[in-house]
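Please treat every number below as a calculation from the coordinates, not as lab data. Model, not experiment: these values are computed from the prediction. FYI the Cβ positions are ideal-geometry reconstructions off the backbone, even for glycines, and counts take in every protein chain you see.
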Amino acid sequence: MTESINSADCVVVGGGLLGLLTARRLAQEGMAVTLLERGALCRESSWAGGGILSPLVPWQYTDAISRLVERSQHDYPLLMAELLEQSGIDPEWTQSGMLMLDTVPDTRVTAWAERFHCRLETLDADRVQLAEPALTAASGPAVLLPGVAQIRNPRLCQALAVALQMQGVTIREQCTVTRLLIRDQVVNGVETEAGPVHANCVVIAGGAWSAQLLQGMGRELPVKPVRGQMILFQAPPGMLRHIVQGAGHYLIPRRDGLVLAGSTLEHVGFSNETTSQAREELMQAAFSIAPGLADYPVIRHWAGLRPGSPEGIPFIGEHSEISGLYLNTGHFRNGVVMAPASAELLVDGLQRRDSFTDPAPYAFWPGRGLSGAGVDTAPESGI
């Protein structure tokens with residue numbers, strides 16, 4: 001028998017944002033935590049997304065998602081301040097607001113905004129031009145969500161990695177989990193290519209790869225990869241002031257003038273190749289929103305794999321048939337904005353205490369997602 005390379009109170013499988021924040025919460029509970037990542041930390045959808053701290057059309061989602069979004073939006077400023085102090089890395093949390101072109105709120109939208117404490121402003125075409133002079137003159141009417149913020153998710157992940165090391169979390173990159181160790185329907189840890197890691201608690205936070213870890217265990221986890229491509233313009237600082245979305249695409253201005261343009265929605269399995277067709281589509285969409293971007297170069301083009309799930313509702317909580325096995329995955333296009341609340345909900349459940357919301361909508365119960373709505377039904381957001 002292979003000698004154990006480690007033992008821990010809890011093993012977190014997956015080194016993306018969800019895994020890192022879950023490990024952070026567990027360590028704060030006084031647990032010895034080992035985090036295992038098949039590649040490098042945060043090199044999949046956590047790195048590839050745009051960092052918008054809101055769904056693009058937030059009122060189109062179920063309340064289960066809106067509750068996670070509202071909680072995370074409330075918690076992000078304090079989290080960013082703590083991570084900056086601990087790590088010295090600034091994730092650049094920026095309350096830039098989000099401008100939704102060609103949108104007029106109806107009573108359903110205003111009722112949603114009141115229920116989830118989201119401020120809305122309706123702008124006519126003249127006010128749109130005052131708010132964003134770089135937009136095409138035809139823009140308007142629009143809805144402005146002034147409270148929406150953004151972060152630079154690669155910086156956030158870097159800050160979290162430093163903070164976790166300071167907390168004593170063991171991080172193993174390039175460490176592929178090959179199977180779960182289960183005896184009598186109780187988890188005992190995981191087997192890796194380097195040997196077993198024993199623990200009485202295992203959290204699967206593997207993003208688009210999560211379902212592979214549960215194969216052969218009697219029930220399929222309906223989490224599938226959905227590719228998204230984005231491009232990056234080098235524009236001058238201040239060219240755009242807000243996150244802007246229109247015609248199914250969006251622009252995200254960074255403090256230093258970089259402008260992200262996204263994104264595609266492609267069911268191509270685990271392929272994360274970029275394509276010239278997507279590059280052209282994203283460029284033309286960006287120019288239709290802000291024509292001046294045509295004067296600036298595209299300096300990067302990349303793709304990421306979202307963990308697609310039915311209606312975009314993540315799986316958070318303990319496996320109903322295997323004691324000690326937990327899931328925190330399937331966040332589809334809203335992983336960044338739902339991540340802090342998801343980690344909180346997961347750890348509250350693990351500690352058998354009440355949380356900020358009912359955990360039932362996120363449970364992995366038999367048949368959930370295997371019939372009815374699929375990943376195509378989720379509205380667009382993030383990458």
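When DSSP beta bridges are limited to those with both residues in the chain, what percentage is antiparallel, rounded to the nearest 5?
On the way: 46 of 65 bridges.
The antiparallel fraction comes to roughly 70 percent.
Please work out the FRET efficiency for the pair residue 119 and residue 277, using the Cβ-Cβ distance as r and a Förster radius of 35 Å; give the result to the nearest 0.05.
Between residue 119 and residue 277 the formula returns 0.35.
If you take the Cα Rg of the stretch 1-159 and divide it by 2.2 N^0.38 Å, with N the number of residues, what do you get?
Against the compact-globule rule of thumb, the ratio is 1.31.
Which of 292, 249, 238 sits closest to the plus end of the dipole of the stretch 213-297, meaning its Cα is farthest towards the positive end, when Lys and Arg get +1 and Asp and Glu get -1 on the C-beta?
Positive-end residue among those listed: 238.
Quick one: Debye curve from the C-alpha atoms of the stretch 118-176, no solvent, what's log10 I(q)/I(0) at q = 0.16, 0.17 Å⁻¹?
For the stretch 118-176, the Cα-only Debye profile gives -0.66, -0.69.
Note the angle between two axes, namely the Cα long axis of helix 153-167 and the longest principal axis of the Cα atoms of the chain, as a number of degrees from 0 to 90, rounded to the nearest 10.
Tilt relative to the chain: about 30 degrees.
How about the stretch 193-293: which chymotrypsin sites (Phe, Trp or Tyr not before Pro) there are in a DSSP loop, with at most 12 other Cβ atoms within 10 Å of their Cβ?
270
Just the projected area, averaged over all directions, of the convex hull on the alpha carbon atoms of the chain: how many nm²?
Averaged projected area of the chain's Cα convex hull equals 18.4 nm².
Short version: ³J(HN,Hα) in whole Hz for each residue of the stretch 325-330, in order, from phi by Karplus 6.51 cos²θ - 1.76 cosθ + 1.60 (θ = phi - 60°), x for Gly and Pro, what are they?
Each residue's phi maps through the Karplus curve to give 9, 10, 10, 8, 7, x Hz.
Would you please give the FRET efficiency between residue 111 and residue 302, computed as 1/(1 + (r/R0)^6) with r the Cβ-Cβ distance and R0 = 51 Å, to the nearest 0.05?
That gives a FRET efficiency of 0.85.
Scan the chain and report its longest stretch carrying no GluC sites (Glu not before Pro) that are both in a DSSP loop and have at most 10 other Cβ atoms within 10 Å. Show your work: numbers first, answer last.
Details: sites that count: 3, 193, 273.
Here the longest run is 4-192.
Going by Cβ distance under 4.7 Å, what cysteines of the chain have no possible disulfide partner?
So, 118, 175.
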